[in-house]
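Working notes, structure below.
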């Protein structure tokens with residue numbers, strides 16, 4: 001039987017950067033893959049994580065379920081590790097296997113991705129530029145507005161994108177971006193980290209608000225992309241997602257350059273809101289650009 005499956009991971013799948021600032025213990029890293037079953041029958045898929053210090057949290061048995069003939073699956077995967085005391089690098093493999101049966105005994109194909117996970121203490125690097133908006137200004141960013149309703153830190157501020165508003169329509173998706181010109185340090189390693197939350201407002205009481213993607217571009221080149229449901233919130237009225245997520249991008253290829261950083265958030269109204277009026281926003285806080293040799 002020919003191999004008739006395609007596995008796709010996001011832009012940053014083989015190199016994962018995690019900043020230690022406000023990092024929980026244990027570390028929980030969530031990512032998404034796309035599985036395309038191009039065979040003529042249903043196949044069953046399983047993930048194997050072989051990375052030192054890391055274990056598979058979700059799904060705990062690695063079984064991703066079935067994908068029908070000609071169909072596509074987008075499972076959510078969570079791996080976990082104890083928080084290290086200092087910066088560290090973990091190297092290993094993630095393997096996706098395809099089976100013809102629900103008992104996962106007849107394997108027909110597999111694909112392995114070599115993965116390196118960098119856990120880094122960015123805010124203690126040699127060069128640190130932090131945009132926490134806690135002075136009440138936009139600190140040079142454009143495309144949004146400073147708000148004091150929520151923040152990563154007590155009595156702080158954050159930066160909110162312009163609204164993605166949907167009035168009386170079915171499922172809709174929109175992008176909202178913020179940007180800033182930044183002179184990057186002339187160091188071997190450069191990272192950008194950010195905290196992101198979701199704000200919603202409206203009179204629809206069902207599930208409708210999601211942040212489904214984040215992209216970071218340096219000038220016009222995409223250097224980071226997260227696809228999949230990262231944050232969600234439902235209910236009538238006004239509120240925020242129940243947690244922040246933290247994302248880190250590698251900017252090392254642009255050392256010493258003055259560049260335009262553009263961060264784009266993809267927001268989705270995921271139910272028919274015919275007759276309703278809803279708004280979604282991405283909230284960003286504590287953007288850090290850090291560098292060291």
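The values are calculated or read from the model by the stated rules, or taken from the named source; none is laboratory data. Quantities reported herein were computed from a predicted structural model and do not represent experimental measurements. Virtual Cβ from ideal backbone geometry, glycine too; neighbours counted across all protein chains shown.
Some points to look at:
- Summed over the range 92-122, the residues that are under 24 Å from residue 190 (Cα atoms), touching a strand residue (DSSP E or B) at 6+ places or on another chain (Cβ under 7 Å) and not in a strand (DSSP E or B) give a count of 1.
- Scope the range 249-280; condition crowded, with 23+ Cβ neighbours inside 10 Å and either under 20 Å from residue 29 (Cβ atoms) or at pLDDT 95 or above (or both); matching residues: 249, 251, 263, 265
- Counting the residues of the range 97-120 that are surrounded by 15 or more Cβ atoms within 10 Å (Cβ to Cβ) and under 21 Å from the mean Cα position of the chain (by Cα) gives 5.
- Some residue of the range 233-245 being in contact with a helix residue (DSSP H, G or I) (Cβ under 8 Å, 6 or more places away or on another chain), assigned to a strand (DSSP E or B) and surrounded by 14 or more Cβ atoms within 10 Å (Cβ to Cβ): no
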